[in-house]
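Below: one structure, written as structure tokens.
What follows draws every value from the coordinates through simple rules; no lab data is involved. Only a predicted model underlies this, so the values are computations on that prediction, with no experimental measurement involved. Here the Cβ is made from the backbone with ideal geometry for all residues, glycine too, and neighbour counts use every protein chain on show.
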Amino acid sequence: MALTPLMSSTAVVLMAFAAAAAVALHPAVAAVSYDRKALVINGRRRILISGSIHYPRSVPEMWPDLIQKAKDGGLDVIQTYVFWNGHEPVPGQYYFEGRYDLVQFIKLVHRAGLYVHLRIGPYICAEWNFGGFPVWLKYIPGIRFRTDNEPFKAAMANFTAKIVNMMKSEGLFEWQGGPIILSQIENEFGPLEWDQGEPAKAYASWAANMAVGLNTGVPWVMCKEEDAPDPVIDTCNGFYCDYYTPSKPYKPMMWTEAWTAWYTGFGIPVPHRPVEDLAFSVAKFIQKGGSFVNYYMYHGGTNFGRTAGGPFIATSYDYDAPIDEYGLLRQPKWGHLRGLHKAIKLCEPALISSDPVVISLGNSQQASVFRSSSGYCAAFLANYDSESSARVTFNGVHYHLPPWSISILPDCKTTVFNTARVGVQTSQMTMERVGGFSWQSFNEEITSSNDESFTTVGLLEQINVTRDNTDYLWYTTYVDIGQDERFLQNGQSPVLTVMSAGHSLHVFINRQLIGTVYGSIEDPKLTYTGNVNLWVGSNTISILSVSVGLPNVGEHFETWNAGVLGPVMLNGLNEGRRDLTWQKWTYQVGLKGETLGLHSLSGSSLLEWGEVPQEQPLMWYKAFFNAPDGDEPLALDMSNMGKGQAWINGQGIGRYWPGYKAYGDCSDCDYRGTYNETKCQTNCGEPSQRWYHVPRSWLNPTGNLLVVFEEWGSDPTGISMVKRTIGSVCANVFEMQPSMRNWHTKENENSKVHLLCDFGKKITKITFASFGTPRGVCGNFSEGSCHAHKSYDPFEKKCIGQQRCSISVVPEVFGGDPCPGTMKRLAVEAICG
Ligand code: GAL
């Protein structure tokens, strides 16, 4: 056996001994501590699998089920940020109810027997409005965010202490018998520190000391913060973290964000990450000695109301996570990771008590072996080749490794899991239409003045005026046109140019919409240029500037602007160009419908609503409906709409923007090779988000109010309610290796096909089955050149009429080997009914 050049076997044994001794010496000091190998809970090093579930991104009624599904998926820990702007909407006025009932969420996790990693931040990034900061924070005199600034530090210390004290008084830290084993202060500050130097360094060390001074009794982490001062642990975030080494040799290797895919933005395609690659990245991290992995996100959920950050972050925060936005299992992702977690747990005794010894098995193949003095042995066999599979010999036994994959051998002999062999089924989800709505309308006023409007010289920054209480700000000015203007005769109408810092705007001349423009996730700035029809006398120019979420990341994002900052120019008059920038402008914050509270039952009932007009911009629509029967998750199909917001019974469903089509590359995606967020995308040329989650718990059996504010003039009659259900289920599995056939344990499920329908449904039809070299993906399989003629038989026999069935993927089951010498797989698709 060759040893890694990094470490001799004596060193490994000595270090393991030293670590074990350290653990034994201090068990009573703190219930949760750490050493160089792992977090230590009640004297025991632990390999911990964690997943992010953000409590305000679902509804409390969903929490128990989400947590249970996380537990069933093999998680030990739930990680969440704390959402400051949700908890302190007004300075000193706190809110911890409904979706913001943090204590209840943590108690539910505890009840399920899981731990909590509480990322207090209070800067959280997270594609959440303003990175979690309340907007009022920006208006504290002299403030600068996230630097050595006294007003900022005072506010941050105050909120952090508030949360820590709340957790203590509820008895939620581990030493109190609660579930919190870990906290986080700040978020990915390291990269900013690089750019900003001294004041940033001073701030980072202040933040760490402030946190430690709160005596939580559990360790603090600072993610992406190489010089996290002791005893704070620096951790890694990324698609892969196997390259990462903790900044100090006595700190454990922890991965606080293993990205399960990426967020969705309006105007960009939807990212997906193949589970084979995600599992590969996690196995690789553990194989390098990592002991804590958190999936970001395990359930992504929804940015309800106006909570999405940005600008341009979509309402769906699905993240292609193992539990989908609606709270359903995403298969095969959830199931395959569950298999991975089981395999890792089988290795835990070896992992926590030894360091890996790396043995070369070929050019791109390696074994990492964990052998403890007490006799445990676990091995990870890796094939880093992104093209070809490999046959390797380890301890005298042959193993077949698919490309870009890792096999896990908890006894150093038996493969119980390979990251690229996905044995669990795929579920094809469908959105089944359950009904439409009958609508009434209310015309938003295209105007600029009411009691609260004001007039001033020049253009004002939008958030300074709205304080982000609304997306909408009207900018209105007047232009006098004399009778002698030549354009009145020659028909060459003047050109209006409006420059805005973002994020979207509509231009009206004399109350007629003449144009709509919007920025993009890469660049929120925009310019409107167009010909305008002006009449003799006074003309009204009204610009409705619309924000689409405040920035959540970037250097001093609190200073970034939105709204019409100019110049605003009119070209083509007798005088040439007239600069409107420094004229008098009248400002109106928000829409009339917002002031009237049209989204709510009380507000909407005070008015007369009319018929639905044709293509009228800035319209409010309302409809009443009864809750669809059943318990499947619900969504609104908004595919025919332009842009706006929607509410159900007064609760904000979120911003919708199907009118913004996704631009990008959606070509085929292969799990093999290094992943990045643009590698595997869908929805190119289509809306980035078509469906908008309607939590069942927001509905009454009858008489629910749906209100939509549509900016672009789209017809609401195309909106429908849909149910999310499993359409068909598929499996696509490699044949069982001969070396594994005689090995029977419960964990060896990788080379069996399992089909499972939802509760109450049965397999009614096998629409495809091929053992050989089938092609395509679920919903679109076809036979390859090799196909066993009895491929359908075992399924017809064992599966039809059943809720679940399992079939071994070995040639005998399908009438013999159709192409000896070729690596075969089985693809099958079944309908549940
Ligand atoms: C990380 C950040 C998270 C989230 C993620 C992208 O860098 O810490 O809060 O923003 O990126 O989804």
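Computed from backbone phi with θ = phi - 60° and the Karplus coefficients 6.51, -1.76 and 1.60, the 3J(HN,Hα) list for the stretch 800-810 is 4, x, 9, 7, 9, 7, 10, 9, 6, 9, 10 Hz; x is used for glycine and proline.
Given +1 on the Cβ of Lys and Arg, -1 on the Cβ of Asp and Glu, and no further charges, what dipole in debye does the chain carry about its Cα centre, rounded to the nearest 20?
Details: 67 positive and 79 negative charges, 543 e Å.
Roughly 2620 debye, rounded to the nearest 20.
Close amide-amide hydrogen proximity is noted between Phe734 and Val422, Leu826, each under 5 Å apart and 5 or more residues distant or on a separate chain (H modeled in the peptide plane; Pro and chain starts excluded). Counting beta carbons within 10 Å around each of Glu61, Glu257, Glu186 and listing the fewest first gives the order Glu61, Glu257, Glu186. Couplings 3J(HN,Hα) of the stretch 413-426, computed from phi: 10, 9, 6, 9, 7, 10, 5, 9, 9, 8, x, 8, 6, 9 Hz, in residue order, whole Hz [Karplus 6.51 cos²θ - 1.76 cosθ + 1.60, θ = phi - 60°; x for Gly and Pro].
If each residue's Cβ is checked for other Cβ atoms within 10 Å, how do Cys223, Cys786 rank with the fewest at the top? Intermediate results must be reported in sequence, preceding the final value.
Details: Cys223 24, Cys786 17.
If I rank by nearby Cβ atoms, fewest first, I get Cys786, Cys223.
If you add up the charges near Pro403, with Lys and Arg at +1 and Asp and Glu at -1, over every other residue whose beta carbon is less than 13 angstrom from its beta carbon, what do you get? Please report the intermediate quantities before stating the final value.
On the way: positive: Arg391, Arg421, Arg672; negative: Glu276, Asp277, Asp385, Glu387, Asp670.
Net charge in that neighbourhood comes out at -2.
Find the relative contact order for the chain and round it to a whole percent, using C-alpha pairs within less than 8 Å whose residues are 6+ positions apart. Present the calculation step by step, with values, prior to reporting the outcome.
Working: 2066 pairs, mean separation 99.9, N = 833.
Reported as a whole number, the value is 12 percent.
Shape summary of the stretch 47-330, radius of gyration then Dmax from alpha carbon positions: 17.7, 51 Å. Only helices enter the 222 nm calculation for the chain: every DSSP H run of n ≥ 4 contributes -39,500 (n - 2.57), and dividing by all residues gives -5000 deg cm²/dmol, rounded to 500. Among the cysteines of the chain, those whose beta-carbon sits 4.7 Å or more from every other cysteine beta-carbon are Cys125, Cys223, Cys347. Sequence-ordered 3J(HN,Hα) estimates for the stretch 79-94 from the Karplus curve with 6.51, -1.76 and 1.60 and θ = phi - 60° stand at 10, 9, 6, 10, 9, 3, 5, x, 8, 9, x, 10, x, x, 9, 9 Hz, glycine and proline given as x. Put simply, the amide H of Val397, placed in the peptide plane, has no neighbours under 5 Å, leaving out anything fewer than 5 places away on its chain.
Could you tell me what % of all Cα pairs in the stretch 118-186 have separations over 19 Å? Present the calculation step by step, with values, prior to reporting the outcome.
Details: 938 of 2346 pairs.
Percentage above 19 Å: 40.
Under the simplified labelling scheme, the Val457-Tyr94 pair shows an inter-label distance of 4.7 nm, with each label point 7 Å from Cα along Cα→Cβ.
Projecting the Cα atoms of Gly301, Ala279, Ala258 onto the charge dipole of the stretch 219-333 (Cβ charges, centred on the Cα centre) puts Ala279 farthest toward the positive pole. Here the residues Ile359, Ile543, Ile286, ranked from fewest to most Cβ neighbours within 10 Å of their Cβ, fall in the order Ile359, Ile543, Ile286.
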